[in-house]
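A.B. asks: Let me begin by handing over the structure; questions about it come next.
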Amino acid sequence: MIDLFAGPGGLDVAATWLGIPVIGIEWDANACATRRAAGLLTEQGDVRAFEPRRFSNANVLAAGPPCQTFTVAGSGHGRKALDEVLLFVRRMGDGDDVTEDLNQIQDERTALVLEPLRWALKAIENGNPYRAIVLEQVPAALPVWEAVGAVLISRGYHVAHGILHTEQYGVPQTRRRAVLIARLGADATLPKPTHRPFRRGMSRTDGTEKLLPWIAMGDVLNRPIPFVVVSNYGTGGDPKARGRRMSAEPSFTVTGKIFRNRVVTPSGNALPRFSYAEAGRLQTFPSDYPWVGSDVAQQIGNAIPPLLAMHVLVAALDIDAQILEQRAAENLPLWSETKVPHF
């Protein structure tokens, strides 16, 4: 598998758990340092400087490209950038060479979200199409995945896309991700939830769903007493109204600002804030994952939770779902004891 915009390795950890050889392309030096410390095969550089032919033995394409330019809430510029991306997707699907026009885009990050489609179309042109394609990003990316999916359907792929809620896949965190799964000549479906959705004020055993209870922060963090997380962000537009989550609930969405969240006792006394290892565990990285660099919080916050990625890969590659029973957020294997398969 080839992983574009691979970050510190969220999807690569999932692939490793599944025994899938993977190589990631990532330009950020800190994320690359973390990847190398973890023993993950890495090409450091700009995704645009590479071609599928160089990785011709990869038959699965995965990517989580940046999309900040069209995810700014309420921004007219963001809407314009999204419209621009959708137009380029349609043109690429029609076979147009958009290289020169992309070079004229004011913010190059807008063009980066098109790279997975460029790779997919180039692999088809080379006569070596990927048998499966997996894309993920924030929910605002869903219109892009829908447009990309339409192009892939025209090339013989079956496509599924939608918004997944991480706590419904055993991740001790509420987070939403826009996911696309495409399979060449075979039905494509999104992974089925295995855990109940989190609803504030409801017990995790409430509800009629025949699913496992969602996982709480206290289930995965080795803290001796109950605690409360006070968010760095305000709620309802009021910066003074800080969100609060109990240790018996899933975490807020883990972001690059996670270490600004206060951790207190139920009575309000200060406790140590989350460590690197704890923040990583809320994302379902192994507790001993070797975080390196000056921007660890950003690396952790930007990563796809490995446990969610594992569910997505199992669905995309038609792997027996029983393998998911071997991975639970409460009891993940140590990374130091995990063998990384050769690419």
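A.B. asks: Can you tell me which residue among I300, I323, I304 is in a loop (DSSP other than H, G, I, E, B), under 24 Å from L180 (Cα atoms) and touching a helix residue (DSSP H, G or I) at 6+ places or on another chain (Cβ under 7 Å)?
C.D. replies: On the way: I300 fails: in a loop (DSSP other than H, G, I, E, B); I323 fails: in a loop (DSSP other than H, G, I, E, B).
The conditions single out I304.
A.B. asks: So which of G162, G127, G170, G93 ends up being modelled with pLDDT of 95 or more and touching a His at 6+ places or on another chain (Cβ under 6 Å)?
C.D. replies: Unique residue meeting the criteria: G170.
A.B. asks: Now, a different point. Pick from the range 99-119 the residues that are touching a residue at least 12 places away in the same chain (Cβ under 8 Å) and in a loop (DSSP other than H, G, I, E, B): which of them is farthest from G45 (Cα to Cα)?
C.D. replies: I105
A.B. asks: What is the number of the single condition among (1) over 22 Å from A15 (Cα atoms); (2) crowded, with 23+ Cβ neighbours inside 10 Å that R281 does not meet?
C.D. replies: In the conditions (1) over 22 Å from A15 (Cα atoms); (2) crowded, with 23+ Cβ neighbours inside 10 Å, R281 misses (1) alone.
A.B. asks: Then there is this: If I filter the range 179-201 for residues that are closer than 19 Å to G280 by Cα and surrounded by fewer than 22 Cβ atoms within 10 Å (Cβ to Cβ), do I get at least one hit? Give the derivation first.
C.D. replies: To start, the set of residues in the range 179-201 that are closer than 19 Å to G280 by Cα comprises none.
Within the range 179-201, none of the residues are closer than 19 Å to G280 by Cα and surrounded by fewer than 22 Cβ atoms within 10 Å (Cβ to Cβ).
A.B. asks: Assess whether G45 counts as being touching a strand residue (DSSP E or B) at 6+ places or on another chain (Cβ under 8 Å), modelled with pLDDT of 95 or more and surrounded by 21 or more Cβ atoms within 10 Å (Cβ to Cβ).
C.D. replies: no
A.B. asks: Where residues in the range 147-178 are in a loop (DSSP other than H, G, I, E, B) and of a type in the set (D, E, K, R), which of them is surrounded by the most Cβ atoms within 10 Å (Cβ to Cβ)? Steps first, answer last, please.
C.D. replies: The first filter runs over the range 147-178 and keeps only residues in a loop (DSSP other than H, G, I, E, B), leaving 154-156, 170-172, 174-175.
Now narrow it down to the ones that are of a type in the set (D, E, K, R): 155, 175.
On the way: R155: 13, R175: 22.
Among residues in the range 147-178 that are in a loop (DSSP other than H, G, I, E, B) and of a type in the set (D, E, K, R), the one surrounded by the most Cβ atoms within 10 Å (Cβ to Cβ) is R175.
A.B. asks: Also: Can you tell which of T255, T235 is among the hydroxyl-bearing types (S, T, Y) and either closer than 30 Å to A160 by Cα or at pLDDT 95 or above (or both)? If you could, list the steps in order and put the result at the bottom.
C.D. replies: On the way: T235 fails: either closer than 30 Å to A160 by Cα or at pLDDT 95 or above (or both).
Being among the hydroxyl-bearing types (S, T, Y) and either closer than 30 Å to A160 by Cα or at pLDDT 95 or above (or both) holds for just one of T255, T235, which is T255.
A.B. asks: Right, something else. Looking only at the range 60-90, filter to residues that are among the aliphatic types (A, V, I, L, M), crowded, with 17+ Cβ neighbours inside 10 Å and part of a helix (DSSP H, G or I); which one of those is modelled with the lowest pLDDT? Please lay out each step first, then the result.
C.D. replies: From the range 60-90, those among the aliphatic types (A, V, I, L, M) are 60-63, 72-73, 81-82, 85-87, 89; that's our starting set.
Checking the rest, the ones that are also crowded, with 17+ Cβ neighbours inside 10 Å come to 60-63, 81-82, 85, 89.
Those still in the list that are part of a helix (DSSP H, G or I) too: 81-82, 85, 89.
Details: A81: 81, L82: 86, V85: 90, V89: 95.
The selected residue is A81.
A.B. asks: Can you name every residue in the range 125-146 that is without any contact (Cβ under 8 Å) to a residue 60 or more places away in the chain, crowded, with 22+ Cβ neighbours inside 10 Å and of a type in the set (G, A, S)?
C.D. replies: none
The values are calculated or read from the model by the stated rules, or taken from the named source; none is laboratory data. Because the structure is predicted, anything quoted here is derived from the model rather than measured. Reconstructed Cβ throughout: ideal geometry from the backbone, glycine too, with neighbour counts over all protein chains shown.
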